[in-house]
Amino acid sequence: MKTTYKAILMLMMGGCLAITVASCSDVLDEQPRTIYEPGFFKTDKGIDGGLTSLYAHLRNIYGNGYYLNICETGTDEYTYGQSADGNFKDADYSGAGTLTPSSSRSDVLWNNVFTYINTASGIIENATEAGIDESKICEARFFRAFDYFQLVRMFGGVPLDFGSGELMFNATPSRTSVRNTVPEVYTRAIFPDLIKAVENLPDEPRTTGAVTKTVARKYLAEAYLTYGWWLENPRQKPTYPQCDRSDPDGHDPAWYFQQAYDIIVTALQNPGPYGLEDTYYDVTRYDNDRNKEILLWADHTTESAQYSGMNESGASWGYASGSAPDNFAGWMANWNYPNLQMQSDKHSWINPVQREAIQPLGRPWIRMAPTIDAIENFSDKDKDSRYDATFTTVYHANWDYGANPDIEYVMGNGNQPIYKGEVVLRFLDEEPVTPVSYSTKSREHGQVGAGTLDGYKEFVINPEAISRLRFPGPYKLGMYPLETLSSDGKKQLGSPNGPIARPYNIAKFSEFYLLGAEAAVKGAATQPGYSARELLNVLRARAGKWTHRVNGVTQYGEEFNADFSAELTATTPQVITIDYILDERMRELFGEGYRWYDLTRTQTWQEKAGQYRICGPKATDVTPETVTRTIPDDYYLRPIPQGTIDAFEMTEEERKAYQNPAYRN
């Protein structure tokens, strides 16, 4: 359920967090404090507490399923699922609902970052009196720029002055506000802070997860690239507050594209402790979290409820609240696989796949569903490991962990027996030569609309039958296993309804290759070995390397050693286009919250997502429908939350003018 916030910009930090370095794990040790006066930021404890709160606030946004929704639903990756409410239907732009300032989940971002922008300003303004090193101050600069970058991309121009002056710490809540223009936000806030962060942050993180020079370079390059697109405005999209598409510093789009490219090459040549993992599977598997490819994450762990943002005394890994700071994003696009029914050897109908606390399964919410077109964008599924390591496409029998331990087998296609641990349902990678046979009877569909095909004893679903009810699950966002044992030592299902006790990845080293290719296509002069095609082929070569197959013979897959790098790189087009880069971004970053930003930055949202295909919400829906979306140009900005507008002590005309034009009453 959506929370309505009546307060406007929270211009004071509501609770500082002190930081110490834990001797055993060298991570941020969060301890709540409630100190509010500005002098707090002139002490070592105040600076450390403020900085820790900046890292902790990431959990309020990243891993929040409703923020994932506003970044994904309505794009060419996702539409709304069978159990979606207005939060998801409104964002789809397909006529199922209408996005409004009261229903848009862009409030997850807006309502969470201004407090911490102000915290960062307090640190920057006062830290020198505490004798804090500039490298540490630049962690605050990074986060202030980071938050402003997310805001300006989603809403357009936003306020730089909270009441005490531009980018100054404000200790007095204000109920009036003036939005700065997009160029002002970039050139006065984002670029200066990130440039100083690049100059002064260390190459190595001062503690696990702390930002570094490489992390700052990633966001500076991306901000330059995004602003270059904004200045160029190739499809003439409107902006707000209205202003000329000119740069106060006198640079043209080409200058920004070149700056982005040069910074990216520098980062690739000087990566510090970061780099690509050997295989794509290594990036997504639960037991390799916080790996060298991850630049920034919102942290969670089973080792400490407090460190995961949970109340220590009331913590329960068995129940997710469905709100921040829980990580519950992976549930949103998880279909209700436990509804599958099959007849057993006892002639009873059972659910052969129980809800289980492991990465391929977890809790179903069915709020979002991938489009058929997105699934088909993953070409060469047998060679490109990114599809296998992104989705759960095979479901194994685990009924013996539940209420039916005495069942020996269930009856598959042609009454062939399927035993415990074997595959009972498979989403096919490609359309079969012989069509899948579907029944018109729900129970014969296994209650989920599955079919049969010669050569498979399990139920199967072909790509063209992917629907709002059933679709490949989000393996890469799946949960950390929370298995339990019964009194006799037998494995049980764990806590599949609990929050996902894994860090939520925000930025990856692989993005340098994608952003660099984009800057090159936009006209940046390239260096030898760093052309758009060469950059993309680094990722495509990695995608061709397999050591493991997620969707294998067991619930945790199987060993599979193969190298299709040569085949994948050979099929990369000689001439790279923005359209191809967007397809490659989908294959590399699917479902992680990038897509709306990608499509609005490149002004290709209508072109890429204006239509999509999917089957309906019933088990018997196996014929895809083509759905048309209406995406007017002024919807390229999200609405300011209605609670903010209502709380302003301004005239009705001023409140209306504050809102982005598409969403004014």
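The values are calculated or read from the model by the stated rules, or taken from the named source; none is laboratory data. From a predicted model like this one, the values you see are computed outputs, not experimental measurements. Note that each Cβ is placed from the backbone with ideal geometry, even for glycine, and that neighbours are counted across all protein chains shown. These area figures cover heavy atoms from the full protein model, side chains too; ligands, DNA and RNA do not enter into them. Shrake-Rupley method; radii C 1.70, N 1.55, O 1.52, S 1.80 Å.
Take the Cβ atoms of Val553 and Lys292, set R0 to 35 Å, and the FRET efficiency comes out at 0.70.
Look at the alpha carbon pairs under 8 Å that are at least 6 residues apart: their mean separation over the length of the chain gives a relative contact order of 19 percent.
Can you tell me, using C-alpha contacts under 8 Å and at least 6 residues apart, the relative contact order of the stretch 119-174 as a whole percent?
Details: 39 pairs, mean separation 20.3, N = 56.
For the stretch 119-174, the relative contact order is 36 percent.
Among DSSP beta bridges whose residues both lie in the stretch 402-464, state the antiparallel percentage, nearest 5. Restricted to the stretch 402-464, the bridges split so that about 60 percent are antiparallel. Accessible surface computed residue by residue for the stretch 82-200, with neighbouring protein chains in place and a 1.4 Å probe, gives 29 Å² per residue.
Report, to the nearest whole %, how much of the accessible area of the chain belongs to carbon and sulfur atoms, 1.4 Å probe, protein only. Don't skip to the end; give the middle numbers.
Working: 11010 of 23690 Å².
Carbon and sulfur: 46 percent of the exposed surface of the chain.
Amide H contacts under 5 Å for His548: Phe560, restricted to partners 5 or more places along the chain or on a different chain, H placed in the peptide plane at 1.01 Å from N. Where a ≥ b ≥ c are the square roots of the eigenvalues of the C-alpha gyration tensor, would you call the stretch 167-262 rounded, which needs a/c under 1.5, or, failing that, prolate if a/b is larger than b/c, or oblate? Oblate. Annotation: Asp289 carries an accessible surface of approximately 30 Å², with a 1.4 Å probe and no ligand, DNA or RNA atoms counted.
The largest accessible area among Arg105, Arg285 belongs to the first residue in Arg285, Arg105, and the rest follow in falling order (1.4 Å probe, all chains).
Under the classification rounded if a/c is under 1.5, otherwise prolate if a/b is larger than b/c and oblate if not, where does the stretch 534-596 fall, given a ≥ b ≥ c as square roots of the Cα gyration tensor eigenvalues?
Working: a/c = 3.51, a/b = 1.43, b/c = 2.44.
Note, shape of the stretch 534-596 comes out oblate.
For a modelled paramagnetic label at Ser531, 7 Å from Cα along Cα-to-Cβ, the residues of the stretch 579-598 in reach, with backbone nitrogen under 20 Å, are 579-585.
Radius of gyration (Cα atoms) of the stretch 550-639, expressed as a multiple of 2.2 N^0.38 Å: 1.48. Relative to one another, the C-alpha centroids of the stretch 492-541 and the stretch 594-652 are positioned 24 Å apart. If R0 is taken as 41 Å, the Cβ-Cβ distance between Lys656 and Glu431 corresponds to a FRET efficiency of 0.20.
Mind scanning Lys346/Lys383; Lys89/Lys383; Lys218/Lys522 and naming the pairs with a C-alpha gap bigger than 29 Å? Could the numbers behind the result be given before it?
Numbers: Lys346/Lys383 41 Å; Lys89/Lys383 35 Å; Lys218/Lys522 18 Å.
As for pairs spanning more than 29 Å Cα to Cα, those are Lys346/Lys383; Lys89/Lys383.
Distance between the 7 Å Cα→Cβ label points at Thr571 and Lys346: 4.7 nm. Amide H to amide H, with H built 1.01 Å from N, Ala369 comes under 5 Å of Thr79, Tyr80, Gly81, counting only residues 5 or more places away or on other chains.
Taking all protein chains together, Thr73, Thr208 sort by accessible area into Thr208, Thr73, largest first [probe 1.4 Å].
Accessible area per residue for the stretch 230-277 is 48 Å², calculated with a 1.4 Å probe on protein heavy atoms, without ligands, DNA or RNA. Computed log10 I(q)/I(0) for the chain at 0.05 Å⁻¹: -0.23, from the Debye equation with unit scatterers placed on every C-alpha and solvent omitted. Taking label positions 7 Å along the Cα-Cβ direction at both Thr623 and Arg245, the computed distance is 4.3 nm, reported to one decimal. Among the listed pairs Lys381/Lys476; Lys42/Lys136; Lys42/Lys213; Lys292/Lys476, which have their C-alpha atoms separated by more than 20 angstrom in this model? From Lys381/Lys476; Lys42/Lys136; Lys42/Lys213; Lys292/Lys476, over 20 Å: Lys42/Lys213.
Return one whole number: the accessible area per residue of the stretch 330-468 in Å², for a 1.4 Å probe.
Working: 4860 Å² over 139 residues.
On a per-residue basis, 35 Å².
Looking at the square roots a ≥ b ≥ c of the eigenvalues of the Cα gyration tensor of the stretch 613-665, which shape do they give, rounded for a/c under 1.5, prolate if a/b is larger than b/c, or oblate? Here the stretch 613-665 falls in the prolate category. Estimated at the nearest 10 Å², the accessible area of Tyr281 is 40 Å² with a 1.4 Å probe.
Let me check against my output: what whole-number percent is the relative contact order of the stretch 528-659, with C-alpha pairs under 8 Å and at least 6 apart? Write out the running numbers ahead of the final one.
Values: 100 pairs, mean separation 17.0, N = 132.
Contact order relative to length: 13 percent.
Mean residue ellipticity at 222 nm, helices only, the chain: -8500 deg cm²/dmol; runs of at least 4 DSSP H residues each add -39,500 (n - 2.57), and the sum is divided by the number of residues.
Each label point was placed 7 Å from the Cα along the Cα-to-Cβ direction; for Ala171 and Thr302 their separation is 4.6 nm.
Potential lengthening of the chain between Asp252 and Asn233 amounts to 5.7 nm, from the contour at 0.36 nm per residue minus the alpha-carbon distance.
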